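Mind having a look at this structure? Questions to follow.
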Amino acid sequence: MTPLVAPRRRTTAGSKLPLWGLIAGLSLLVGYPSLWLLLTAFELPEQFSVRAFTDFVGDDSLVRPTLNTVVLGVLTAIGTVLVGVPLAWYTAVTDGPFRRFVHLAVLATYITPPYLTAIAFTLLLSPEAGILNVLSRRMGGPSFDVYSMAGLVLVVTLHVCSFCYLLVHDALKRIDAPLIEAARTLQAGPWQVLRRILLPLVAPAVTGGALLAGILAMTEFGPQAVLGTPGGLTFLPTRIVSSLGGYPPRWADMAVLALILVVFAAVGLVAQRRALGKQSFITVTGRGVRPIRFSLGRARWPAAIAAVGFATVATVLPFGVLVSGAFARDWTTLVSPGNFTLENFRAAFVEDEVTGSAVLNSAGLAAAAATICVVIALAVAYFGHRTTQRFRDLPDYLAAVPLGLPATVLAFGLLLAVTNPPFQFLYGTLGLLLVLYVVRFLPLATRTMNSGASQLSGELELAARITGASWWQATRRISLPLIWPTVVAAWLLVLMPASNELGGTVVLYASGTETISIAIIRLNDLGQFGPVAALAVAVISALLLISGLAQWITTRRASPDRRTR
Amino acid sequence: MSDVTFEAVSKGYGGNLVVKDLDFTIPGGQFTSILGPSGCGKTTLLRMLAGFMTPDTGEIRNGTAVLSTPGTMVPPEKRGMGMVFQQYAIWPHMNVFENVSFGLEMAQVPRHEIGSRVAEALETVGLGGYESRGSADLSGGQQQRLALARALVTRPSVLLLDEPLSNLDARLRERMRFELRELQQRTGITFVYVTHDQVEAMSMSDTIAIMRSGVIEQHGAPEELYNRPVSAFVIDFLGLNNWFDGTVVGMDGDRARVKVTSGATVTGTAAPGIAVDANVRVAVRPEDFVPTDRPAGQDNVLAGEVTQSLFMGSYLHHSVKVPGREDNVVVQTGRGARVQQGPINIWADPHLTHVVPASDL
Ligand SMILES: Nc1ncnc2c1ncn2[C@@H]1O[C@H](COP(=O)(O)OP(=O)(O)OP(=O)(O)O)[C@@H](O)[C@H]1O
Ligand SMILES: [Mg+2]
């Protein structure tokens, strides 16, 4: 049986085109806004000047936000370590009770968008009417001002500690018990085991988690706006946003601030990669590891109370106060049969003229952004894993660049880009927000898709080819069905944050393109806390639902009977 | 069945040549093994044959039909070949039946025929009745059989196997060797079998091609490779050996007389290209040395001292210290041989003594 078909001529130029198209498209998406930031900082293209850089030092309205940002980052990094490491230790290697509950609660803290966490804490701890402050004063105690650096550090720490927690938790879980037992047999006491064996093994995870928390604290606009601005504290993201409406527009100065923030984020990310790269010496096989287990002894219950107490403060309290505020006639008192109402939901969804279209905008934008991100990520993964061309990994690197571009900075770059030709037609449109979300959340999609694709052996597709399937048949019958769960998971992973983006949206929205996050912040600024709580509850419920769905899909994907061999 | 021919085929990854100007003919209807160390280019060779890769230069033909040149390619699905992958590449989202029927669907075999063809293929590999099993529930050996059934069901003219047994345990591997050999003889399909296990290759193949960093070093029947190796590499690859360095002092037909560095003189079978005064290496397999009464000083006789004897089950392993030589000479004898600690003379038959160029390894 010799083949009857004539050999097909290969078109070499044609096969290179898609890759270069992808590279060009990604370069435009990530490069063009960054280019405008740089140009603007030097007052190009009108003139070339370094005035904005030299003026920076003497201008307190620029230096102060920078210093505040650094302080917030450092304090939050320290805070996350203080909170995350003991919690990770408790759930990963001790025999304390309720470990599962604590674990889930810590992970849940990240689902709530940070601006909503901040709003929840204003309901709890605003100096005059905050429920906890009122309660404390009634019992003769002090009150705590959440509109302060301390309040901000508290709230942001609660929001981002899950990263540090998770990294340390995994590192501890991967330590093989014989490592400790070997030290024990050499007469090392518990303290020496901790200091000489355990700490060095988890140090990279701790450092990595702290750095990530610091970066997030510095770049996250929501809490800074909700808690910092009323307290007279400005940070780099809030300073950039507040200057947008001002006159004269200080574009160059703001571009410099944006670049400073980029440097902070980029340096932090590189340091974080470094730190986590050092983890390679830990047993990473996963299989065959017998995790260590410490008996807490008499400290069992005190430790449990502390851990469960934290989990409650971090999740139950903020969500509870939002639920209460959503259904109560007066948010300053807890909901009860006497003051139960659905009025807040009516006010939020029916009366408010923005919310309705905002919900539609957010849903549409998030779905569109998730779809585009997933399609791009599929292409990136295809080239990276299935082709042997030169530069096949370049799209993956390009897609990771936005990790170093904080949302507010990216949006500011986009704003500069579309106020200049040739992209002015995007100004003030939903299309512009779509671009923002796609660029911002692309790394999430590519990371998920890459990990999915790397589990799929290329031989599965080749096996189909050699048994007579064309490229398209092999893709449709073999590769697509196998990658599909990953596609859905990636789509949901982008959908969640994209439906609640605030830090970049606030720069680019216009009348008619408001999103749900903008609607909530607007109502919050108007002091309409009841409707705000109602919207927050709706948003968080939707997010919990989606994340449950994503969880279900990913665990199903990871279950052994679905895996390739 | 027609022969498959590689003509001057080269392939590199980013300037690094892994198949180098290769000329190679795979005889049709036979079992051919490609044997070589890890990284020598075996998989690359097989993938070019399957049509997953384009050669940088040269031409691959099946009979007279051109399969691949740098500019033209018959796509894999049009080559009428089958392939069994090292990791089996069983499609996890399909059950056993669907895995096998896929190729028939692609070939647009009529529906009513598919069922019986699948059953027949599964029967052939001993998986009859497993049709509705989930493919992920199969054991390693069963997956291997399924991969084989999937490759055979379309009745390919050439079956490519890339180390298909390397993931199986030793007993199963041995059984599968016999089954594969039997299957090849029954079907008459051209088998191209890639492995780095010389025992596997020896026991199954009609011919073996020994591959070394991108070129075929020697291609022939197993006995030919064993008895007439062309290079130190081939000898080394086929098993443990005693090596002696030396210089050729005389030639007689394909017999070379070599003075080895320890002072003794050895006569052996010379590889092509050996001439007087050439620097050579002489190899004798442990089982080809026998204890002898011949006096030291005669050709091919070494005098030494047994320093250690190990019982290895079916044979005995002796270390013999020979004066003027650093490494002990290794000698293998049957269980019945009476070898005692102390002085001994050993002798190797010139037929089984191989003389190859020294420049080689
Ligand atoms: N896609 C690739 N890109 C770059 N180099 C490659 C690629 N695939 C293989 N190589 C290199 O080409 C050489 C030959 O590879 P090949 O897979 O053909 O070896 P092999 O003989 O099959 O080895 P093994 O017995 O380990 O399977 C190796 O050095 C390998 O590192
Ligand atoms: Mg290989």
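The values are calculated or read from the model by the stated rules, or taken from the named source; none is laboratory data. Nothing here was measured: the structure is a model prediction, and the numbers come from that model. So basically every Cβ, Gly included, is an ideal-geometry build from the backbone, and we count neighbours across all protein chains shown.
Please enumerate the residues belonging to the range A:450-486 that are among the β-branched types (Val, Ile, Thr) and within 7 Å of another protein chain (Cβ to nearest Cβ).
A:466, A:467, A:478
Which of the residues that make up the range B:53-82 are within 23 Å of residue B:13 (Cα to Cα) and of a type in the set (D, E, K, R)?
Of everything in the range B:53-82, those that are within 23 Å of residue B:13 (Cα to Cα) and of a type in the set (D, E, K, R) turn out to be B:56, B:59, B:61.
Filter the range B:49-63 down to residues that are more than 16 Å from ligand 2 (Cβ to nearest atom) and closer than 24 Å to residue B:185 by Cα and give me whichever is surrounded by the fewest Cβ atoms within 10 Å (Cβ to Cβ).
Checked the range B:49-63; the qualifying residue surrounded by the fewest Cβ atoms within 10 Å (Cβ to Cβ) is B:63.
Residue-by-condition table, conditions (1) of a type in the set (S, T, N, Q); (2) surrounded by 17 or more Cβ atoms within 10 Å (Cβ to Cβ):
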| site | (1), (2) |
| --- | --- |
| B:136 | no, yes |
| B:141 | no, yes |
| B:153 | no, yes |
| B:188 | no, no |
| B:198 | yes, yes |
| B:226 | no, yes |
| B:233 | no, yes |
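Now a separate question. Output the number of the condition that residue A:504 fails; it satisfies all remaining conditions of (1) surrounded by fewer than 21 Cβ atoms within 10 Å (Cβ to Cβ); (2) in contact (Cβ under 8 Å) with a residue 24 or more places away in the chain; (3) of a type outside the set (D, E, K, R).
Checking residue A:504 against (1) surrounded by fewer than 21 Cβ atoms within 10 Å (Cβ to Cβ); (2) in contact (Cβ under 8 Å) with a residue 24 or more places away in the chain; (3) of a type outside the set (D, E, K, R), the one that fails is (1).
Let me spell it out: the conditions are (1) surrounded by 24 or more Cβ atoms within 10 Å (Cβ to Cβ); (2) of a type in the set (Ser, Thr, Tyr); (3) within 14 Å of chain B (Cβ to nearest Cβ), and residue A:388 meets all of them except one. Which number is the exception?
Of everything listed in (1) surrounded by 24 or more Cβ atoms within 10 Å (Cβ to Cβ); (2) of a type in the set (Ser, Thr, Tyr); (3) within 14 Å of chain B (Cβ to nearest Cβ), residue A:388 misses just condition (1).
Yes/no matrix, rows are residues, columns are (1) within 26 Å of residue B:150 (Cβ to Cβ); (2) away from every other protein chain (no Cβ under 14 Å); (3) charged (D, E, K, R):
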| site | (1), (2), (3) |
| --- | --- |
| B:20 | no, yes, yes |
| B:57 | no, yes, no |
| B:81 | yes, no, no |
| B:88 | yes, no, no |
| B:92 | yes, no, no |
| B:100 | yes, no, no |
| B:110 | yes, yes, no |
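Quick one: is residue B:147 farther than 21 Å from residue B:4 by Cα, under 24 Å from the mean Cα position of the chain (by Cα) and either assigned to a strand (DSSP E or B) or away from ligand 1 (no atom under 16 Å from the Cβ) (or both)?
yes
Restricting to the range B:76-97, and then to whatever is in a helix (DSSP H, G or I) and free of Cβ contacts under 8 Å to residues at least 40 places away in the same chain, can you tell me which residue is farthest from ligand 2 (Cβ to nearest atom)?
B:97
Taking into account only those residues within the range B:31-48 that are within 14 Å of chain A (Cβ to nearest Cβ) and within 11 Å of ligand 2 (Cβ to nearest atom), which is surrounded by the fewest Cβ atoms within 10 Å (Cβ to Cβ)?
Going through the qualifying residues, I end up with B:47.
Quick one: which residue in B:52, B:24, B:6 is within 16 Å of ligand 1 (Cβ to nearest atom) and touching a His at 6+ places or on another chain (Cβ under 9 Å)?
Among B:52, B:24, B:6, only B:24 is within 16 Å of ligand 1 (Cβ to nearest atom) and touching a His at 6+ places or on another chain (Cβ under 9 Å).
Let me ask you something else. Counting only residues that are in a loop (DSSP other than H, G, I, E, B) and farther than 24 Å from residue A:111 by Cβ, how many does the range A:470-522 have?
5
Please give the number of the condition residue B:104 fails out of (1) under 23 Å from residue A:481 (Cα atoms); (2) facing chain A (nearest Cβ under 10 Å); (3) surrounded by fewer than 19 Cβ atoms within 10 Å (Cβ to Cβ).
All conditions pass for residue B:104, except number (3).
OK, next. Could you check, for the range B:199-221, whether at least one of its residues is within 14 Å of chain A (Cβ to nearest Cβ), within 16 Å of ligand 1 (Cβ to nearest atom) and at pLDDT 90 or above?
No, the range B:199-221 has no match at all.
Which number in (1) modelled with pLDDT under 90; (2) closer than 30 Å to residue A:457 by Cβ; (3) among the polar types (S, T, N, Q) marks the one condition that residue A:312 misses?
Residue A:312 satisfies every listed condition except (2).
I've got another one for you. Working carefully through the options B:157, B:132, find the one that is surrounded by fewer than 24 Cβ atoms within 10 Å (Cβ to Cβ), within 19 Å of residue B:26 (Cβ to Cβ) and either in contact (Cβ under 8 Å) with a residue 24 or more places away in the chain or within 11 Å of chain A (Cβ to nearest Cβ) (or both).
B:157
Just checking, which of B:33, B:38 is of a type outside the set (Val, Ile, Thr), farther than 28 Å from residue A:482 by Cβ and out of contact with any strand residue (DSSP E or B) (no Cβ under 8 Å at 6 or more places or on another chain)?
B:38
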